[in-house]
Amino acid sequence: MTKTIRYLAKFRDWRSIAIAGIAGFCLTFAALAASVSLSGRAILAAAAIGSLSCVGLTFLWCALCVIRKLSEQNVRRNFALNNMAQGLCMFDGQHRLVVWNKNYEVMYGLESTIRRGCGIGELLAARHAMGSLPQDPKIYEADLRAALGRGEIFTVDVEMSDGRVIAVINQPTSEGGWVATHEDITERKRSERELENTRAFLDMIVENVPSPIIVKDASALTYLLVNRATEEYFGIDRANIVGKIAADILPPGLVDTVRAEDIKAIESGDISYQGEHGVVTPGNGTRVVTATRLPVKDSAGKAKYLITVINDITESKRSEQRIAHMAHHDALTNLPNRVAFNECIDATIDLAAVANESFGVLCIDLDRFKAVNDVFGHAIGDSLLREVAVRLEQVCQGAFVARVGGDEFTVITPTAQQPQAAEALAERLAAAFEEDITIDSHQMRVGLTIGVAIYPQDGADATALVANADAALFRAKSEARGSIRFFEMAMDQQLREKRALQQDLRKAVEQNELALHYMPQADMDGRITGFEALARWHHPRHGLVPPDVFIPLAEESGIIGALGEWVLRTACQEAASWPNKLHIAVNLSPVQFQHGDLPSLVHQVLLDTGLSPARLELEITEGVLIGDFTGAVAMLRRLKNMGVRVAMDDFGTGYSSLSYLQSFPFYKIKIDRAFVANLSHSQQSATIIRAVIALSRGLNMPVVAEGVETEAQRAFLAAEGCDAIQGYLVGRPMPIEDYAKLVGRKPAHVTLVARG
Ligand code: C2E
Ligand code: MG
Ligand code: MG
C-alpha cells in the first residue's frame, strides 16, 4: 500500500482529480438546484459531497491505474531480473538483501536459505558452507565493506569447489548499499586458460627450437623477438638484441647484406632462402649459416613482420672438414695418409707432364723402429712416430710428406732439377736423424733408409714411380741401413725376379715340391739327442734356393702358412716313424703366430701323426714376441700346456733378448751361429757366449750352441758349460735316409759326420 501511495505521490496528473472534483460539485449542484427544492446550504453541502465523491472515485480510479502500472512494472522487472544471464542481488544501506534474481539463487544453491532482508554475512556464510565461496566469508565481507566504504567497485573472481568461476562485481549505490552481479565465467576462463596455455606452449616451442628464430618489424626492421638459440648464435643475450636493428649488432659489411636480403623478402612477399654464407656474430665468432625469411602480412596484405630462421651449419661444416681431413690424414701423426699421397702424386704428375718438369718420390723407412717399440712399448713408439713426422716436415719445407704405413713415409719433392734436388733433400733428411731423439727421457737413435725414383725417367705414372722408389728402398735396406739409393733399371729386374720366384714357391708348396733336411743336435758328449728339420727348395731352373731367401719370400706373400704346416706335418710324421725316440725340432715363423690358430694346428698334427708332444720342439725367434706380445705368449703357453717344448732360436741377434727370456719358460736357448763362428777372432763373441750361458743357467734353461764346426769351438763351449751343440761338427742338414742308423732304421748308406 505504502508503495502504491509512494507511486501515487509521484503520480503527476492531479489535474484530472481536480477537474473531477469541480465537475462533480457543479453537476451535483446543478442537479439539486434544478429539480429539488432544497435550501442553498443543503444544495452546497450536497454539491460538496458530490464533488468529494467524484474526487474519491477519480482518485480510486487513479490508484487502480497506478497499481496496475506498478504490477506491470514489477512483472517486467522480475522478468528482466530473472532473465538476466548473471545473478543479481541488491543490498540496502544496512547490508540487507533487498532484491535478487533466480540466477543468483540457483548459481549458489541458495533457494532454501535466501530471503528478503537477510544480511550479507549470513549469505556469505551459507555460500562458504556449500563450497561456493572458498575464501573466508568474514575476510571477504571485510574486504567488500572496505571497498564499498571507499565508494569503490569491489570485483572478485570466485573459484568454486565444483570448478566453476564466478566473476562478482559489487557496485556501491547512493543509499549506502550495493548492487552485485555474479557472472559465470567458467567457459571464458577455460578459453582464456587454453589460449594462455597455447600461447605458453607456442612460446616454449619457439624458445626451444634449436634453430635461431628472429622476428623483425617489417617496416623498421627492428628485432622484435628472438629465441634462446638466437642468443647462443649471436653470443649475446636478447636484451642486447630486441629493439635494435642489424647495424647495432652486426659488422658494417654484413649489415648491408642482411638489410638487402630482408627487404628483398619483404618486397617479394614470399618465403625466400639465402644460401650458405658467413656471419661475424657479436659474441660467437664467425658462423656458417643459411637463412630462410618469411614475411607475415596484416589483414590488408601489407608485410607486418619478417620471420627469419637461421640454419647454423658451422658444426656440420667442421665435421665435414674433419671427416675429409681424417680420410686424408694419418690419425697418429696428422701427416697426409696414403690416400692423400696417391692424390698428390697423380696431381703432381699431371702438372709436371704439362710443364715438362721433373720431381722425385722418396720412400723412407725408419730404422730400428721395431726395436724401440719393443723395448720402450707402443706409447713411446707412437711418440717417436709423431716426432719423426715433425722432423720430416721441418726438413721437407715445400715438399709433400705422407705416412703410408707403420714406419714408412713418402715424400714428393717439388719440381726442380733432378736428381740433384731429390738427392739434396734425401741427404738433409738423413742428416736430421743423425742426432738422438729424446722421448719421455728415453734417448734413442733411429736412422732413415731412403729409396728414390725420379719422374719421368723412373716411371711415367704413379704406380710405376712408387714401385720403383720402393725397389730402390728395398735395395737400400738390403745393402745397409741408413743408406740412400736411387732407382736403377736393374732393381726393377730384381723385383720382377723376386715376384716370379714367389710365384714359383707358391706352386712348389702346392705341388709338394719342397723337401726336408734333418740336422742332428748332440749333447756335449756327442750323443745325438734329436734333429732339426730344415726346409729345402730345389728350384727347377735356379737349383737349390736357400731358406734364408725363400722363407722371407713365403712370409711376405702369405705362403708361409701352407709351407709351415707342411714342414710341421712332414717332420712330425717322419719323427713318429723313428724307432729311436729322438726329439724333432721345427722352426716356426712369426707370421704363423699372427695368422690362424697355431696351437690348434700343432695339436691336430700331433693327433694325426701320433707323435708324442714331448718329442716335438718348436723353435721360435724373438720376432714372434714383437708386435702382439700378449697374444704370442698366450699361444706359447697353450703349446707348452700340450707338452710341446719351445726353444728360443738365434738368440743374441735380436732386440731385447733378456725381457723375452723372462716372459716365457723356454725349454732351451739356441745361441746364434754367428757368435760361434766369430769365436776364433772375436773376444766379444766369447764374452757374449759366456754371458748367455751364465744367464741361461740362472734362468734354468739349457743352452745349445749353433754352427759348431770345429773341435776348438766345441772344447770352448764345453769348458764354458754349454749343454748341447749343433753344427757341421755333429752333422750337416741331410735327407733323413742319411741318418737312418741314428734314428734306428736300417741305413741305406751312411754319411755320418759325427764327432770322433
Ligand atoms: P736356423 O733355424 O738357425 O737353422 C740353422 C741354420 O744354420 C741352417 O741353415 C743350418 O744349415 C745352418 N747351420 C747349422 N750349423 C751350421 C754350421 O756349422 N755351419 C754353417 N755354415 N751353417 C750351419 P739353413 O738350413 O740355411 O736355414 C737357415 C734358416 O732358415 C734357419 O735358421 C731358419 O731360420 C730358416 N728355416 C729353415 N727351415 C725352415 C722352416 O722349415 N721353417 C721356418 N720358419 N724357417 C726355416
Ligand atoms: Mg732353427
Ligand atoms: Mg738358429
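Quick notes on this structure:
- Accessible area per residue for the chain is 51 Å², calculated with a 1.4 Å probe on protein heavy atoms, without ligands, DNA or RNA.
- Each stretch of four or more DSSP H residues adds -39500 (n - 2.57); spread over every residue of the chain, this sum gives -15500 deg cm²/dmol at 222 nm.
- Rounded to the nearest 0.05, the FRET efficiency derived from the C-beta distance between THR438 and ARG638 at R0 = 56 Å is 0.90.
- Gain on full stretching of the segment that runs from CYS65 to ALA48 - 0.36 nm per residue minus C-alpha separation: 3.6 nm
- Take the Cα of ARG41, step 7 Å toward its Cβ, do the same at GLU196, and the gap between the two points is 8.9 nm.
- When the stretch 512-743 is described by a simple charge dipole with +1 on each Lys and Arg Cβ and -1 on each Asp and Glu Cβ, the residue from ILE551, ALA632, VAL704 located farthest towards its positive end is VAL704.
- Lysines with Cα under 17 Å of LYS498, excluding same-chain neighbours fewer than 8 positions away: LYS477, LYS507
- Qualifying lysines (Cα of each under 22 Å from Cα of LYS741; at least 8 residues distant if same chain): LYS581
- Packing-based ranking of 711-717, 223-229 yields 223-229, 711-717, ordered from highest to lowest mean Cβ neighbour count within 10 Å.
- Candidate cross-link partners of LYS668 among the aspartates and glutamates, defined by an alpha-carbon separation under 16 Å and a same-chain spacing of 8 or more, comprise ASP523, GLU532, GLU617, GLU619, GLU622, ASP649, ASP650, GLU706, ASP723.
- DSSP beta bridges in the chain [antiparallel fraction, %, rounded to 5]: 80 percent
- Computed on the stretch 103-220, with alpha-carbon pairs under 8 angstrom and 6+ residues apart, the relative contact order is 14 percent.
- Ranked by the mean number of other Cβ atoms within 10 Å of their residues, highest first, the peptides 120-130, 723-733 come out as 723-733, 120-130.
- Relative packing of peptides 519-530, 270-281 - highest average C-beta neighbours within 10 Å first: 519-530, 270-281
- The length gained by stretching the chain between ILE19 and LYS138 to full extension, at 0.36 nm per residue less their Cα-Cα distance, is 36.9 nm.
- Between the C-alpha center of the stretch 253-332 and that of the stretch 129-186 there is a gap of 56 Å.
- Among the protein heavy atoms of the stretch 87-189, carbon and sulfur supply 52% of the accessible surface, probe 1.4 Å, non-protein parts ignored.
- The overall shape of the chain is prolate: from the C-alpha gyration tensor, with semi-axes ordered a ≥ b ≥ c, the ratio a/c is 1.5 or greater and a/b exceeds b/c.
The values are calculated or read from the model by the stated rules, or taken from the named source; none is laboratory data. Not measured: the values here are computed from a predicted model. Note that each Cβ is placed from the backbone with ideal geometry, even for glycine, and that neighbours are counted across all protein chains shown. Each accessible area value is taken on the protein alone, full model and side chains, heavy atoms only, with ligands, DNA and RNA left out. Shrake-Rupley method; radii C 1.70, N 1.55, O 1.52, S 1.80 Å.
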